[in-house]
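First up is the structure itself, then whatever we jot down about it.
Bear in mind these aren't lab numbers, they're just calculated from the coordinates by the rules spelled out. Remember, predicted model here, so these are calculated numbers, not experimental data. Using ideal geometry, Cβ is built from the backbone for each residue, glycine included, and neighbour counts are taken over all protein chains shown.
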Amino acid sequence: MFQIKNYLSKIYDIKSVLLIGRTKEFQELASWLLNKKGIEKIYYYPQGVGVICSDLPEICTLENMPHDHKQVDAVIFDRGCREAAMGVREISPRFFIGRLNKEEEYFDLWEQYRRVSDFIYIERKKTIPEKENFESNIQTAYEDNIGSKNRGKRGYKSDEDSCEILEWQRGKEDVELSVILPVYNMEAYLPKCIESLLKWKAPYVEYLFVNDGSKDGSADIIKRYGKKDKRIRFIEKENGGCASARNRGIEKAKGRYLGFIDPDDFIEESMFYKLFRRAMLGNYDLAYCGYKEYDDRSGKARKILNDCLGEPYRSGTYRQDKVQKLAVNTRVAIWRCIYKKDVINHRQIKFHEDLKRFDDLPFRVEYIFAAKSAVCVPEYLYYYRLGRKGQDVACSDKGFFVHFAIFQHLDKYVKKCKDNRMTDLLQVVKIQTHGFALSKIKGNLKRKYRYRAKRDLNKNMGYFRTLCLIMMYTGKGNLGWYTCLEMWPFKRD
């Protein structure tokens, strides 16, 4: 109740309220509203309440409400009253406020009242991690939910009392989620991709297909689907590369959250529903799921494991150090996430158009370093196609040298942040990236790459500090090649 009162104390234009509640604590809210808010009239829903503060003459039954139900400024409901709150469909309150038990669904309440309300505030008890994960994560959960930094802001008292909050305000646009697809000569794959997207019928989603100068029939396919589904937006531009297409999509997007899809891939139809639904409860900056690698030749898919789908991310974390660790503990895979557009705009994060490949790596690192909260959906919902000609994962040895341009961008970004932790984590990202490249490159190019990798790794810190970071974050697997890199007297060719 503390959080609801705190939210209501910031509102000064409520004159009438409909209360739906059973508990004594919730009934006392009526007295508090009259004393603190100067509200003229309070109504209650009999089926949801019983007897409520009968000594207050301003309270009357639902049957005595004015015929113009829009005069009711706020609906406030208690735990266990979800169905009653759903049932009052004839009321169009500006404010829809309430709390739920952890087993009560919140998203359909938001979907219903977003059509008529300007402000929605729903708090729900947070689900405790499963027993097998609980002991190892109890300290993390405690710090996330009731640490000194968050206690005053969120009002948490203990793990059992902690809650997550859906807080929404109507914006200028009716779009909540924008999904951006950079398209270049993808006619063979577009139908499967588009059909997997359109199966979720939410009216508050838009799909931005940025045609980057395709020379095949991609544009015609997109336009054909667009005639059937108005959520599809077709954006035409001259060929400039994947990064420029994604940037154009970000510029044109109307949603609060952004997602990205490679048009040769496809998704489970529920992916964006589940990501958006989970991000809303807790107002998370980042929400992500697992993915599968789909073999284009055999048609088989395999789950990519060990990708941070457990605690504390499953329950959600507001600890920025935990969020930043995702930069080194998860694969790049920007397309299985949704991102807050406000964070992207505020930190001026973009795809670097001078990079001809792997432009998703700097975007991912920059965003994760900027995000303050993250949550995962522990399901494998994205299908990443392998075996297609021309994709980055199949690049030639020489193509790996783009890593050095990437890290020039990231060094500048981290330097502006003036955060030693980010510098350490970026060093780990470099170790992982250069180690992968050196495992693939062969011949004389490998010697050249070693020289440049050594210079890049020594730019921000010394050998022993890097060794410590390797042991802390990556394990012994990178010790061998990195030690050899430092010991061998490479000469520049």
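From the backbone phi of segment 106-115, what are the Karplus-calculated ³J(HN,Hα) couplings (6.51 cos²θ - 1.76 cosθ + 1.60, θ = phi - 60°) in whole Hz, Gly and Pro given as x?
For segment 106-115, the Karplus curve yields 10, 6, 5, 4, 4, 4, 6, 8, 5, 6 Hz.
Between the DSSP loop rule and a limit of at most 10 other Cβ atoms within 10 Å, which GluC sites (Glu not before Pro) in segment 217-263 are left?
Details: sites: 236, 238, 251; in loops: 238.
Within segment 217-263, the qualifying GluC sites (Glu not before Pro) (loop, at most 10 other Cβ atoms within 10 Å) are 238.
Could you list the trypsin sites (Lys or Arg not before Pro) in segment 269-353 that lie in coil according to DSSP, counting only those with at most 15 other Cβ atoms within 10 Å of their Cβ? Working shown, then result.
On the way: sites: 274, 277, 278, 292, 297, 300, 302, 303, 314, 319, 322, 325, 331, 336, 340, 341, 347, 350; in loops: 297, 300, 314, 319, 325, 331, 347, 350.
Those satisfying the criteria are 297, 300, 331.
So if we plug the beta-carbon distance of residue 442 and residue 216 into 1/(1 + (r/R0)^6) with R0 = 41 Å, what FRET efficiency do we get, rounded to 0.05? Please report the intermediate quantities before stating the final value.
Numbers: r = 33 Å, r/R0 = 0.82.
The formula returns an efficiency of 0.75 here.
Run down the lysines and flag those whose C-alpha is under 27 Å from the C-alpha of residue 24, throwing out any fewer than 8 positions away in its chain.
Result set, ordered by chain and number: 5, 10, 15, 36, 37, 41, 102, 125, 126, 153, 157.
Can you list residues from other chains, or at least 5 along the same chain, whose modelled amide H is less than 5 Å from the amide H of residue 77?
Hits under the 5 Å cutoff: 20, 97, 98, 99.
Hey, what do the phi angles of segment 292-300 turn into as Karplus ³J(HN,Hα) couplings, whole Hz, using 6.51/-1.76/1.60 and θ = phi - 60°, x for Gly and Pro?
Rounded to whole hertz, the list is 10, 8, 10, 7, 5, 8, 8, x, 9.
Using only the Cα atoms of segment 299-372, what are the Rg and Dmax in Å?
13.6, 41
For every other residue with a beta carbon closer than 10 angstrom to the beta carbon of residue 105, add +1 if it is Lys or Arg and -1 if Asp or Glu, then tell me the sum.
Details: positive: 82, 124, 277; negative: 103, 104, 108.
That works out to 0.
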